[in-house]
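The values are calculated or read from the model by the stated rules, or taken from the named source; none is laboratory data. None of these values were measured; they are calculated from a predicted model. Virtual Cβ from ideal backbone geometry, glycine too; neighbours counted across all protein chains shown. Just so you know, the surface numbers come from the protein's heavy atoms only, side chains and all, with ligands and any DNA or RNA stripped out. Shrake-Rupley method; radii C 1.70, N 1.55, O 1.52, S 1.80 Å.
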Amino acid sequence: VTNGESALERLKTETQPFSQIISDQRMQGIQGTQFLEHAKRLHPETIRFLSTKDSDMQTIINAVNKGAVQRYISKPWENDEMVQAIQYGIGQYELFLEEKALITLAKQQNAKLYELNCELMETAKTQTKELLALDQEIESMKAQQRKLNRHTTLTPHKIMEELQGIVVPLGEKGQEMFNNLFA
């Protein structure tokens, strides 16, 4: 574009951001540093270069310090140097796009991971409840088994213990009954 105002209007109406803006410091209507400050507010991801024949260092320092300019190119420039500068700027913008894509992907994956983690926690809660219920059922079965084993499985040794438990409290009479039983 031929002046700063039309450049700003183009930035405002453009649906896709520019990868790189190269502005001259001396433009009609607005200085390049002011234009690049506006451009930064509209499209902060765009790489911004300032070119000028004048070397007003304070202007350049202010533009760089405000973040409006990533590179200063003095006039007249060498074509090879300008091509390298443009390639560098495009490379920086491509890195920005790649970082943005990676951040988006990481956010999507984190959201999916969170969702899976929530599902896992719910499954773990359900499994824990089921395990507790099964543990209670097993303990109940063990108690029933012990009770049944105590009443149904009588070994000779157990029979002797049971009989002595009856005989001993009866004293001499119990001993006599015991002897008669085994006689």
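Toward the positive end of the charge dipole of the chain, with +1 on the Cβ of Lys and Arg and -1 on the Cβ of Asp and Glu, the farthest Cα among ASN110, GLN34, GLN144 is that of GLN144.
Rounded, prolate or oblate, given the Cα gyration tensor of the stretch 51-104, with a/c below 1.5 counting as rounded?
Working: a/c = 6.08, a/b = 1.56, b/c = 3.90.
Oblate is the answer for the stretch 51-104, as a/c is 1.5 or above yet b/c matches or exceeds a/b.
Only helical runs count toward this figure. For the chain, summing -39,500 (n - 2.57) over DSSP H runs of n ≥ 4 and dividing by all residues gives -24500 deg cm²/dmol at 222 nm.
Roughly how many debye, to the nearest 20, is the charge dipole of the stretch 75-149 about its Cα centre, given +1 on each Lys and Arg Cβ, -1 on each Asp and Glu Cβ, and no other charges? My answer is approximately 740 debye.
Can you give the accessible area per residue of the chain, in Å², using a 1.4 Å probe? Could the numbers behind the result be given before it?
Values: 14050 Å² over 183 residues.
Accessible area per residue, the chain: 77 Å².
Could you point to the label whose value was computed as percent of Cα pairs over 21 Å apart for the structure here, given (1) 72; (2) 54; (3) 65? The listed entry that was calculated here is (1). Which of the three applies to the stretch 87-183, rounded, prolate or oblate, going by the alpha-carbon gyration tensor with a ≥ b ≥ c and a/c under 1.5 meaning rounded? Cα axes put the stretch 87-183 in the prolate bin. Rolled with a 1.4 Å probe across the full set of protein chains, the surface gives SER74 an accessible area near 60 Å². The relative contact order of the chain comes to 14 percent, based on Cα pairs under 8 Å that sit 6 or more residues apart.
Each Lys and Arg contributes +1 and each Asp and Glu -1, all at the Cβ; summed about the Cα centre of the stretch 1-63, the dipole is approximately 60 debye. Of ASP54, ASP80, ASP135, the residue with the largest accessible area leads and the full order is ASP80, ASP135, ASP54 (1.4 Å probe). Accessible area per residue was computed with a 1.4 Å probe on protein heavy atoms; ARG71 scores about 90 Å². Computed extension length for ALA143-HIS157: 2.8 nm, one decimal, from 0.36 nm per residue of separation with the Cα-Cα distance subtracted.
Out of the DSSP beta bridges found with both residues in the stretch 1-116, what percent are antiparallel (nearest 5)?
For the stretch 1-116, the DSSP antiparallel bridge percentage is about 10.
For the chain, give the magnitude of the charge dipole about the Cα centre (Cβ charges: +1 Lys/Arg, -1 Asp/Glu; no others), in debye to the nearest 20. Before the final figure, lay out the partial values.
Details: 21 positive and 25 negative charges, 60 e Å.
Here the chain has a charge dipole of around 280 debye.
By its C-alpha gyration tensor, with a ≥ b ≥ c as the square roots of the eigenvalues, how is the stretch 14-95 shaped: rounded for a/c under 1.5, else prolate for a/b larger than b/c, else oblate? All intermediate terms of the calculation are to be shown ahead of the outcome.
Details: a/c = 1.67, a/b = 1.10, b/c = 1.51.
Judged from the Cα gyration tensor, the stretch 14-95 comes out oblate (a/c at least 1.5, b/c at or above a/b).
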